[in-house]
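One structure is given here, and the rest of the page talks about it.
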Amino acid sequence: MNLTQQLINGLVLGHAYALIAIGWTVLLGVARLVNFGHGQMYMLGAFMTWYLVSRLGLPYLVAIPVAMLAGVAVGYVMQRVMLRLTLAQDLVSIMIVTLGFGYVLHGAAGLVFGSTGQILETPLSTRDIYWGDLWFTWQDIAIVLVAIAFFAVLKYVIENTGVGRTARMVAEDPALSLLAGIDVKKVYLAVFAFEGAAVALAAALVAPRTPILTSMGFDEVIITFVVVVLGGIGSVTGSYVAGIVLGLFTAFFGALVSPAYATAAAFGVLIAVLVLRPGGLAVAPGGR
Amino acid sequence: MSSALKWPAAAILAVAGFFAPVLLGGSPAVYAALVLIAIFAVMSYGLDSIVSDLGEVSLAHTVFFALGAYVTALLSVRLEFNPLGTLAGTIVAALIAAGLLGLITLRLREFVFSLVTYAVAVVALTVASNWEFIGGSDGLRGIPAFEIGWLGFRAVGDVELWPVAFLLLLATLYLMRAFRRSRLGQAAIMVHLNPRLATMSGIDPQRTRVQVFLFSAPITAAAGWLYAYQRAYVSADLLETYFLILMLTAVVVIGRRLLLGPLIGVALILAQEKFWSFGGYVDRIILGSLLILVLAYLPGGLFGLVQTLAEARRRVAARSRSTSPHTTARKADA
């Protein structure tokens, strides 16, 4: 085993995980909402990008924003349908509804894109970089850079701007925010639209690393869970760190033990953490 | 209905239920569909006690279902256990699994609880598709026919399996009814609706949760037990989201905490899939949309909708009755 190569794999994978989990982090940390259809939204983003690039021949850089717009639409429709549940803070029903949405998205994607696996090729993923005996692609570099930039901007927006303050206020106390004249419904819709866009962006960047299937959402979502919970539910910095730790863990576990059980092992870590510290690894759960 | 009338009514319903396949034409397709409805209804009742009574969403019930099927397959193929032996093994395995999961998730609530149960389901799927001991991605084949030698009972097809499926369903309905009237059932609903009051009344919420889990898991696992015989093979597809969505939809579609709710829910869903199917993908969209629409727009389920409509009709009728003499009187005045 080449240690440095695994380190690079782990770092790339870690940034990919963090990027995939960003929508959930905001949902949970900023609006106290959950989305069990997250994995299927990732799948949809990947297939939208694939369709736009390889079937319609659009440039990759044009396909990404279009896929993100589709993500916004899906997120908006989801939240529009369950707005009553959100306003009532009925988390149990929200979980089941989002699970139902994931199921519908899977069916719809199967209908449109078929059940065969596809490869999403981008101008970046096909260009390799060899550095001594190390190997990675330009796509990997793009993932790392976009993840870092996205997290930095997100942290800034949540902590230092009016938009971030409004969203945080709604999360803390929806009723009080309503009294303060904030359109709570609009904030919830916006947060879900953001989740849709963020996961589509992550899919457009990360999906070229592996073959894509309409059934893949089921696996993707567990990584997100682990990142979000380990990162200390809803903490932006925590998610970033947890993503990278999980990426390194998966890379080394896959190389040293077995790649087939890497997800299962990641889950084992999650269980251990939850039993020891139900609030996750962050010093102050929910802190930013 | 008074309790004196309830038992005969239930008995009549049970007898009618037993002859349901004959009443529906008695074709092999009808038997096949009804056996599946009974099995999946039993599967859903296990989840029902968690979702409707305890008020949590367990996404790990597909694991109990698959566990029952896998234990049955292993014991019957490798050790040649008869169905009663495999049922006992299934129940023991489900109790152990539920105890473990219950302890792990003891302090977790709401979405973190659901998240962990969902993760358990995902991991179980990974393990089932990769572990050679339980057949890996091929699964286990060659499960023998459902045969209890000393009773002289042997079921080779759905027609012969129907009495077993129906008995299992009846037993489950009885257990669910007894559970809701038991101290545990009452405690569960109190923990769900008012945890503080529950604690003040001397109920330990964590203990109650584990106990409800221990009650619920063997029921769902027993459905897996019979499903293994019905299909004659088991594989990792038992852990797919389909079963989870089916269970959840069945539990909420008619209305929560209605004894026959999950059964009617499963019957509706399977009737659509078996007799009015539009192909796998469209059926998925239908099932998922049903789940979404009921939860988002019909908090009381279809039964709640019917009640609301009946109530509205009664009110309209009452209003027209109370206004009509009035108007005629006024006309007379004029």
### Task
Those residues that are facing another protein chain (nearest Cβ under 8 Å) and of a type in the set (Val, Ile, Thr), I need them from segment A:82-107; list them, please.
A:Val92, A:Ile96, A:Val97, A:Val104
### Task
Would you check which residues across segment B:285-303 are touching a residue at least 24 places away in the same chain (Cβ under 8 Å) and within 17 Å of B:Tyr242 (Cβ to Cβ) and list them?
B:Leu287, B:Gly288, B:Leu290, B:Leu291
### Summary
Subset of segment B:216-242, residues surrounded by fewer than 24 Cβ atoms within 10 Å (Cβ to Cβ), of a type in the set (A, V, I, L, M, F, W, C) and assigned to a helix (DSSP H, G or I), comes to B:Ala236
### Query
Taking the condition modelled with pLDDT of 90 or more, surrounded by fewer than 24 Cβ atoms within 10 Å (Cβ to Cβ) and within 14 Å of another protein chain (Cβ to nearest Cβ), does A:Val77 pass?
yes
### Query
Which of the residues spanning segment B:125-158 are at pLDDT 80 or above, part of a helix (DSSP H, G or I) and surrounded by 13 or more Cβ atoms within 10 Å (Cβ to Cβ)?
B:Leu125, B:Thr126, B:Val127, B:Ala128, B:Ser129, B:Asn130, B:Ile134, B:Asp158
### Query
What number of residues within segment B:218-237 satisfy the criterion of being hydrophobic (A, V, I, L, M, F, W, C) and within 14 Å of chain A (Cβ to nearest Cβ)?
1
### Query
Residues of segment B:275-310 being closer than 15 Å to A:Leu105 by Cα and touching an Asp or Glu at 6+ places or on another chain (Cβ under 7 Å), which ones?
B:Asp283
### Message
I need the full set of residues from segment A:207-264 which are within 14 Å of chain B (Cβ to nearest Cβ), touching a residue at least 60 places away in the same chain (Cβ under 8 Å), surrounded by fewer than 21 Cβ atoms within 10 Å (Cβ to Cβ) and polar (S, T, N, Q), in order please.
### Response
A:Ser215
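Hand me the list of helices (runs of 4 or more DSSP H) wholly inside segment A:36-137 holding 3 or more residues that are over 25 Å from A:Val227 (Cα atoms).
Correct list: A:60-81, A:83-87, A:91-113.
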#### Entry: Odd one out for A:Phe113, checked against (1) within 14 Å of another protein chain (Cβ to nearest Cβ); (2) free of Cβ contacts under 8 Å to residues at least 40 places away in the same chain; (3) surrounded by 15 or more Cβ atoms within 10 Å (Cβ to Cβ)
(2)
### Task
Kindly check whether there is at least one residue in segment B:103-114 that is within 24 Å of B:Ala267 (Cα to Cα), touching a residue at least 12 places away in the same chain (Cβ under 8 Å) and not in a helix (DSSP H, G or I).
no
### Task
Among residues belonging to segment A:119-141 that are buried (at least 19 other Cβ atoms within 10 Å of the Cβ) and not β-branched (Val, Ile, Thr), point out the one that is nearest to A:Gly10 (Cα to Cα).
A:Asp140
### Task
Evaluate the following for A:Val66: is it in contact with a Leu (Cβ under 6 Å, 6 or more places away or on another chain), over 21 Å from A:Val221 (Cα atoms) and modelled with pLDDT of 85 or more?
yes
### Residue list for segment B:25-64, restricted to those being assigned to a loop (DSSP other than H, G, I, E, B) and in contact with a helix residue (DSSP H, G or I) (Cβ under 6 Å, 6 or more places away or on another chain)
B:Gly55, B:Glu56, B:Val57, B:Ser58, B:Leu59, B:Ala60
#### Entry: B:Tyr242 aromatic (Phe, Trp, Tyr) and away from chain A (no Cβ under 11 Å)
no
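Sort through A:Ala109, A:Ala70, A:Ala46 and tell me the only one that's touching a Ser or Thr at 6+ places or on another chain (Cβ under 7 Å) and more than 18 Å from A:Lys185 (Cα to Cα). Explain how you work it out, then say what you get.
Values: A:Ala70 fails: touching a Ser or Thr at 6+ places or on another chain (Cβ under 7 Å); A:Ala46 fails: touching a Ser or Thr at 6+ places or on another chain (Cβ under 7 Å).
One residue alone meets the criteria, A:Ala109.
Is there a residue being assigned to a loop (DSSP other than H, G, I, E, B) and over 25 Å from B:Thr62 (Cβ atoms) anywhere in segment B:166-181? If you could, list the steps in order and put the result at the bottom.
Going residue by residue through segment B:166-181, those that are assigned to a loop (DSSP other than H, G, I, E, B) are none.
Within segment B:166-181 (the criterion being assigned to a loop (DSSP other than H, G, I, E, B) and over 25 Å from B:Thr62 (Cβ atoms)), the answer is no, since none of the residues qualifies.
When you go through A:Val226, A:Val241, A:Val187 one by one, which is the residue that is part of a helix (DSSP H, G or I) and over 19 Å from the mean Cα position of the chain (by Cα)?
Within the list A:Val226, A:Val241, A:Val187, the selection yields A:Val187.
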## Note on the structure
Here the qualifying pairs (Cβ atoms under 9 Å; residues six or more apart or on different chains; first in segment B:187-207 and free of Cβ contacts under 8 Å to residues at least 12 places away in the same chain and over 17 Å from B:Arg107 (Cβ atoms); second small (Gly, Ala, Ser) and assigned to a helix (DSSP H, G or I)) come out as B:Ser201/B:Ala187
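The values are calculated or read from the model by the stated rules, or taken from the named source; none is laboratory data. Note that the structure is a prediction, hence the values are computed from the model and not measured. In this analysis, Cβ positions are derived from the backbone assuming ideal geometry, glycine residues included, and neighbour counts consider all displayed protein chains.
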